[in-house]
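The structure appears right after this line, and notes come after that.
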Amino acid sequence: MSKYLVIALLAACSGSVPQTRYYQLASPAQAPATEDGGSVLAIEPLVTEGAYDDERMVYRLDPVRFDYYAYHHWSTTPGAMVGGYLQQALARSGKFRSVVRDTTKDTSVVLGGRVTAIEEIDESKTRWVGHLAVELTLTDAKSGEILWSHPYEQREPLTAQTPEALARAIGTAMDHIVQDATPAITDLADKQARARGLTGTPPVAKD
């Protein structure tokens, strides 16, 4: 019997509709104090693909079945949520002069991409994992040229079969993705900023 059916039956028996609960990712930790970098990075909401483009949390009981929690939702769409987490985490990394939502004349690069999976996978009656897959793309703020694109996929164990545990696992997965992606994003953002004279240093000469 699915979780959805169990919840529906309980609601029918009690004569009341369960309260909808909303979840978000915990704020990323503040990185150790460092000298801020010289580039300005803009973050845009990520596109969310297919059936994941829904505020309802997704869970899977087997590889071919796809279900939603009826009364447990993300606080916003997954693409906006992941984009917001990226903005907070990269702003707190100390690697950038600033991290913004809207491009300015000082913005060197724009970070976006897509969420291709965000879900709970019930591998057995005692093992559940949070699965997150994203593709991050960095473009030049002026020309729109794609400078870098990379897929990331993380699976993190749930401490319990609950939506709260799923939110925590997805937050841990995002933290790992940010740690892996930050060096490449920083290097390219600084390179573009220097090339366009946005750091106060002379532009890099082109061959």
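General remarks:
- So Tyr52, is it touching a helix residue (DSSP H, G or I) at 6+ places or on another chain (Cβ under 7 Å) and more than 18 Å from Gln179 (Cβ to Cβ): yes
Residue by residue, here is whether (1) modelled with pLDDT of 95 or more; (2) within 20 Å of Val110 (Cβ to Cβ) holds:
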position	(1), (2)
Leu41	yes, yes
Pro45	no, yes
Met57	yes, no
Leu61	no, no
Tyr68	yes, no
Gly79	yes, yes
Lys95	no, yes
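- Meets criteria (without any contact (Cβ under 8 Å) to a residue 24 or more places away in the chain and in a strand (DSSP E or B)) for Glu135: yes
- Scanning segment 69-97 for residues that are among the hydroxyl-bearing types (Ser, Thr, Tyr) and either at positive phi or more than 19 Å from the chain's Cα centre (by Cα) (or both) yields Tyr69, Tyr71.
- Selection over segment 123-176 of residues that are farther than 27 Å from Asp187 by Cβ, more than 13 Å from the chain's Cα centre (by Cα) and either of a type in the set (A, V, I, L, M, F, W, C) or surrounded by fewer than 18 Cβ atoms within 10 Å (Cβ to Cβ) (or both) gives a count of 17.
- Taken over segment 88-97, residues that are out of contact with any Gly (no Cβ under 8 Å at 6 or more places or on another chain) and touching a residue at least 60 places away in the same chain (Cβ under 8 Å) amount to 5.
- Out of Ala189, Ala181, sole residue that is under 25 Å from Trp74 (Cα atoms), buried (at least 17 other Cβ atoms within 10 Å of the Cβ) and under 21 Å from the mean Cα position of the chain (by Cα): Ala181
- Residue list for segment 48-107, filter: part of a loop (DSSP other than H, G, I, E, B), closer than 23 Å to Thr172 by Cα and touching a Leu at 6+ places or on another chain (Cβ under 8 Å): Phe96
- Options Leu198, Leu111, Leu166; residue that is at pLDDT 95 or above, more than 19 Å from Tyr69 (Cβ to Cβ) and either of a type in the set (S, T, N, Q) or out of contact with any Cys (no Cβ under 8 Å at 6 or more places or on another chain) (or both): Leu111
- Scanning segment 156-163 turns up no residue that is closer than 24 Å to Lys95 by Cα, out of contact with any Lys or Arg (no Cβ under 9 Å at 6 or more places or on another chain) and either of a type in the set (Phe, Trp, Tyr) or free of Cβ contacts under 8 Å to residues at least 24 places away in the same chain (or both).
The values are calculated or read from the model by the stated rules, or taken from the named source; none is laboratory data. Model, not experiment: these values are computed from the prediction. Every residue, glycine among them, receives a Cβ derived from its backbone with ideal geometry; neighbour counts consider all protein chains shown.
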